[in-house]
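Data first, discussion second: the structure below is written as structure tokens.
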Amino acid sequence: MASALGQRIAEAADLVTVALDELLPRADGPESRLTEAMRYAALGPGKRLRTYFALETGRMFDLDERSVLRTACALECIQAYSLIHDDLPCMDDDDMRRGRPTVHKAYDEATAVLAGDALQTAAFEILAHPDTHHDGAIRAELVAKLARASGAQGMCGGQMIDILGVREDLGGVARMQRLKTGALIACAFELPLVMARAPDAQRHALLNFAHDLGLAYQIVDDLLDAEGDPELMGKATGKDAAKGKANFVTILGVDAARERLDLLSGQTKAHLEPFGAQAEFLRASVDFVLERRN
């Protein structure tokens with residue numbers, strides 16, 4: 001299953017890359033520097049796990065692949081924009097991302113800000129287009145869900161908490177994670193659920209899965225920041241400790257954080273029981289996320 005899942009994730013990433021290549025603008029005029037920076041960020045290397053989750057959920061509900069692929073591309077535009085801005089000197093001040101210079105290093109800070117802004121607006125342009133769904137009410141709901149997940153009540157709000165700093169409080173760290181990382185992961189499941197008009201029971205089960213998966217993802221990230229190899233990760237590590245930031249590892253310790261992950265593994269998979277064999281790849285993705293810590 002591990003090799004089959006890896007192939008499935010890689011295939012999903014390739015699908016999204018090809019689709020994004022078609023959807024993202026190109027320009028020949030002076031604005032071409034902006035579109036080049038957008039494409040540099042969005043089409044660069046990466047596992048694209050959020051888009052995989054969207055595509056896999058779409059398959060579970062037998063949705064039109066083209067429609068789900070467009071929603072996955074919108075998610076990836078938001079993710080790419082967030083990373084551009086996250087790397088800026090006024091934020092986390094990172095020089096490397098996924099083994100390459102960050103956008104403000106490859107171009108300049110002003111171009112990086114504009115590229116992030118333009119990718120964010122591209123996401124909503126993609127969702128609002130009739131090719132995403134024939135029903136305008138569905139498209140409007142998709143836009144609203146992604147806006148909430150990426151705005152002040154989601155990812156941006158979590159980033160604000162991170163900038164202000166979280167005290168040695170596990171609840172505060174968990175809230176920051178739920179907004180900063182978890183909201184966009186949950187949205188990867190929620191967008192296909194909107195398109196499927198899924199029953200409440202299935203919706204609650206998948207969103208509970210997404211919540212616990214997002215929590216596990218963040219704990220793994222915190223472990224990698226504490227113990228990871230910068231060469232293998234393609235970015236700097238040890239940043240949270242150096243800045244005195246609280247996270248799951250600084251509060252719980254490495255051993256307790258690993259124990260928390262082991263507990264989360266079974267709990268997260270249990271949410272998928274109503275879907276049976278249909279959810280085998282999502283179930284296996286829990287192990288995929290947890291194996292990142294090794």
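The values are calculated or read from the model by the stated rules, or taken from the named source; none is laboratory data. Just so it is clear, the structure is predicted and the values come from calculations on it, not from any experiment. Note that each Cβ is placed from the backbone with ideal geometry, even for glycine, and that neighbours are counted across all protein chains shown. Just the protein is used for accessible areas: all its heavy atoms, side chains included, with ligands, DNA and RNA removed. Shrake-Rupley method; radii C 1.70, N 1.55, O 1.52, S 1.80 Å.
Of everything in the stretch 1-48, what is closer than 13 Å to ALA118 by Cβ, in contact with a Ser or Thr (Cβ under 8 Å, 6 or more places away or on another chain) and at pLDDT 95 or above? Give them in sequence order.
Here is the first cut: in the stretch 1-48, the residues closer than 13 Å to ALA118 by Cβ are 23-27, 31-42.
If we keep only those that are in contact with a Ser or Thr (Cβ under 8 Å, 6 or more places away or on another chain) as well, we get 24-27, 33-34, 37.
Once the filter is applied, which keeps residues that are closer than 13 Å to ALA118 by Cβ, in contact with a Ser or Thr (Cβ under 8 Å, 6 or more places away or on another chain) and at pLDDT 95 or above, the stretch 1-48 yields LEU24, ARG33, LEU34, ALA37.
Would you check which residues across the stretch 11-28 are open to solvent by 10 Å² or more (accessible area, probe 1.4 Å), in a loop (DSSP other than H, G, I, E, B) and aliphatic (A, V, I, L, M) and list them?
Result: ALA27, single match.
When you go through LEU69, LEU55, LEU20 one by one, which is the residue that is among the hydrophobic types (A, V, I, L, M, F, W, C), closer than 25 Å to GLY99 by Cα and in contact (Cβ under 8 Å) with a residue 40 or more places away in the chain? Before you say what the answer is, go through the steps one by one.
Numbers: LEU69 fails: closer than 25 Å to GLY99 by Cα; LEU55 fails: closer than 25 Å to GLY99 by Cα.
One residue alone meets the criteria, LEU20.
Among (1) open to solvent by less than 60 Å² (accessible area, probe 1.4 Å); (2) outside any helix (DSSP H, G or I), where does LEU55 come up short?
Result: LEU55 fails condition (2) only.
For (1) in contact with a helix residue (DSSP H, G or I) (Cβ under 9 Å, 6 or more places away or on another chain); (2) β-branched (Val, Ile, Thr); (3) assigned to a helix (DSSP H, G or I); (4) buried (at least 24 other Cβ atoms within 10 Å of the Cβ), each residue gets a yes or a no:
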site: ILE9; (1), (2), (3), (4): yes, yes, yes, no
site: PRO30; (1), (2), (3), (4): no, no, no, no
site: TYR40; (1), (2), (3), (4): yes, no, yes, no
site: ASP62; (1), (2), (3), (4): yes, no, no, no
site: ALA72; (1), (2), (3), (4): yes, no, yes, yes
site: CYS77; (1), (2), (3), (4): yes, no, yes, yes
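Among (1) assigned to a loop (DSSP other than H, G, I, E, B); (2) open to solvent by 50 Å² or more (accessible area, probe 1.4 Å); (3) over 23 Å from LYS180 (Cα atoms), which single condition is ARG66 missing?
Status for ARG66: all satisfied but (1).
Of the residues that make up the stretch 139-150, is at least one touching a Ser or Thr at 6+ places or on another chain (Cβ under 9 Å), aliphatic (A, V, I, L, M), under 17 Å from VAL194 (Cβ atoms) and free of Cβ contacts under 8 Å to residues at least 60 places away in the same chain? It would help to see each step written out before you state the result.
From the stretch 139-150, those touching a Ser or Thr at 6+ places or on another chain (Cβ under 9 Å) are 139, 142, 146, 150; that's our starting set.
Remaining after also requiring aliphatic (A, V, I, L, M): 142, 146.
Now drop any that are not under 17 Å from VAL194 (Cβ atoms), which leaves 142, 146.
Imposing the further condition that a residue be free of Cβ contacts under 8 Å to residues at least 60 places away in the same chain reduces the set to none.
No, every residue in the stretch 139-150 fails to be touching a Ser or Thr at 6+ places or on another chain (Cβ under 9 Å), aliphatic (A, V, I, L, M), under 17 Å from VAL194 (Cβ atoms) and free of Cβ contacts under 8 Å to residues at least 60 places away in the same chain.
What pairs come up if the first residue lies in the stretch 246-273 and is in contact (Cβ under 8 Å) with a residue 60 or more places away in the chain and aromatic (Phe, Trp, Tyr), the second is open to solvent by 50 Å² or more (accessible area, probe 1.4 Å) and part of a helix (DSSP H, G or I), and their beta carbons are under 9 Å apart, counting only those six or more places apart or on different chains?
Sorted first by the residue in the stretch 246-273, then by its partner, the pairs are PHE248/LEU170; PHE248/ARG260.
GLY46 versus (1) surrounded by fewer than 24 Cβ atoms within 10 Å (Cβ to Cβ); (2) on the phi < 0 side of the Ramachandran plot: which is the lone unmet condition?
(2)
On the given criteria, is LEU193 open to solvent by less than 20 Å² (accessible area, probe 1.4 Å), closer than 24 Å to ASP287 by Cβ and modelled with pLDDT under 95? Please lay out each step first, then the result.
Working: open to solvent by less than 20 Å² (accessible area, probe 1.4 Å): yes; closer than 24 Å to ASP287 by Cβ: yes; modelled with pLDDT under 95: no.
Spelling it out, it is not the case that LEU193 is open to solvent by less than 20 Å² (accessible area, probe 1.4 Å), closer than 24 Å to ASP287 by Cβ and modelled with pLDDT under 95.
Collect the residues in the stretch 99-145 that are in contact with a Gly (Cβ under 7 Å, 6 or more places away or on another chain) and not in a strand (DSSP E or B), keeping them in residue-number order.
Going residue by residue through the stretch 99-145, those that are in contact with a Gly (Cβ under 7 Å, 6 or more places away or on another chain) are 99-100.
The one that is in contact with a Gly (Cβ under 7 Å, 6 or more places away or on another chain) and not in a strand (DSSP E or B): GLY99.
Given the stretch 154-213, what helices (runs of 4 or more DSSP H) lie entirely inside it while holding 1 or more residues that are closer than 20 Å to LYS243 by Cα? Working first, answer last.
Details: elements: 155-164, 170-177, 183-196.
Hits in the stretch 154-213: 155-164, 170-177.
If I filter the stretch 224-235 for residues that are at pLDDT 95 or above, more than 21 Å from ALA12 (Cβ to Cβ) and surrounded by fewer than 20 Cβ atoms within 10 Å (Cβ to Cβ), do I get at least one hit? Full working, then the answer.
In the first step, residues of the stretch 224-235 are kept if they are at pLDDT 95 or above; the result is none.
Scanning the stretch 224-235, I find no residue that is at pLDDT 95 or above, more than 21 Å from ALA12 (Cβ to Cβ) and surrounded by fewer than 20 Cβ atoms within 10 Å (Cβ to Cβ), so the answer is no.
Pairs under 8 Å by beta carbon, first residue open to solvent by less than 50 Å² (accessible area, probe 1.4 Å) in the stretch 161-179, partner basic (Lys, Arg) and in a loop (DSSP other than H, G, I, E, B), six or more apart or different chains?
Once the first residue is open to solvent by less than 50 Å² (accessible area, probe 1.4 Å) and sits in the stretch 161-179, its partners that are basic (Lys, Arg) and in a loop (DSSP other than H, G, I, E, B) give ASP162/LYS245; GLY165/LYS245; VAL166/LYS245.
How about the stretch 92-115: which of its residues are open to solvent by 60 Å² or more (accessible area, probe 1.4 Å) and touching a residue at least 60 places away in the same chain (Cβ under 8 Å)?
Result: ASP95, MET96, ARG98, ARG100, LEU114.
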